[in-house]
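Everything below concerns the one structure shown next.
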Amino acid sequence: CSKSTPAADDATAPLKVGFAQTGAESAWRTANTNSLRNEAAKRGIDLKFADGQSKQENQIRAVRSFIAQDVDAIVIAPIVETGWDPVLREAQRANIPVIIMDRSVQTEDESLYVAFIGSDFYEEGRMAADWLAAHAGGRTKIVELQGEPGSAAANERRKAFADAIAKHPEFKIIDSQTGNFRRAEGKTVMEAMLKTHGNDIEIVYAHNDDMALGAIQAIEEAGKTPGKDILIVSIDAIKEAVQAVADGRINCTVECNPLFGPKIYDTIEQVLAGQPVEKKMYNQDELFDATNAAAALPSRQY
Ligand code: AHR
């Protein structure tokens, strides 16, 4: 991509970055938005923020508007994996580098974006399943709360978990439905599952902490004790969930770090300076359970 740095055009012009965010579906997402906003403010970057309100067409419209405004770079957190090639091609034709953040895209042409920065969702799902295989204590019947349909986060966390538990034939996923990464929907879906399956449910695997926290409310309202009557395994490690692990209401949460701000702008600055960057950059994520949650709490940043 041959876009020149803003400094080459005007030494005083701030860097203009367009950011097409998914929406505000979870506490994780809010932390992610704040990270990009705060770091932009620190660096004097002119950040143009668009809330996609969980609709890909809104994100595509936002990217087109960033192109029309001739921004220096575009960051997309894609709601779903597919359907991006036409708008990515438009950005490429305008010589505007695109960074794909958090959720990956499926594309026929990898040159349409300069870098992906995010977590390895498959690895997160595998870590959750492996933890369960070691700690289920004879419980075997699982219900799954899936994230937004079509998102890389839901697709990969689902596949990894299914692949890993397939090695342990005693486990069975007795129901799997989407709660769209939202707390209220996690609660509603869990209420319905408790009605349908009653005491059969022994384990909840939630694709994110917000849905796990919603499910916990439903479990408590049904007179059961989350963490004991029903094991809860989740992903994100937002502070509230790590606290719930320390309190014994969630059994394990796998980290998915949302604090990308510094890495995103470092990468954009390198790209605009003509320096090479790695195509795919993954965060290192940890797992929190009863052994380490309490000690980790004071330093959790989100
Ligand atoms: O794409 C990352 C996922 O999106 C997070 O796990 C979830 O909380 C968020 O909404």
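Observations
- P(r) tail for the stretch 37-125: Cα pairs beyond 18 Å make up 44% of the total.
- Kirkwood hydrodynamic radius of the stretch 1-154, from the reciprocal of the average inverse Cα-Cα distance over all distinct pairs: 17.1 Å.
- Per residue, the average separation of C-alpha pairs within less than 8 Å and at least 6 apart gives the stretch 1-122 a relative contact order of 25 percent.
- Listed peptides 46-52, 19-25, 31-37 by packing density, highest first (mean Cβ within 10 Å): 19-25, 31-37, 46-52
- Ratio of Rg to Rh over the stretch 93-187 (Cα coordinates, Kirkwood Rh, two decimals): 1.09
- All Cα pairs of the chain, percent lying beyond 36 Å: 22
- Translational diffusion of the stretch 231-287 was estimated from the Stokes-Einstein equation, with Rh taken as the Kirkwood radius over Cα pairs; at 20 °C and 1.002 mPa s the coefficient is 160 µm²/s.
- Relative contact order of the stretch 167-298: 20 percent, from C-alpha pairs under 8 Å at least 6 residues apart in sequence.
- Label-point separation in nm, Asp163 to Asp109, each point 7 Å along Cα→Cβ: 2.9
- Nearest-0.05 FRET efficiency for Thr291 and Ser176, computed from C-beta distance (R0 25 Å): 0.30
- Cα centroid of the stretch 86-104 to Cα centroid of the stretch 175-196, whole Å: 34
- Computed from Cα atoms alone, the Kirkwood hydrodynamic radius reported for the stretch 199-302 is 15.2 Å.
- Placing +1 on each Lys and Arg Cβ and -1 on each Asp and Glu Cβ, with no other charges, gives the chain a dipole about its Cα centre of roughly 280 debye.
None of the figures in this text is laboratory data; all of them are computed from the coordinates on show. All figures in this text were calculated on a predicted structure; none of them were measured in a lab. Methodologically, a virtual Cβ is constructed for each residue, glycine included, from the backbone with ideal geometry; neighbour enumeration extends over all protein chains shown.
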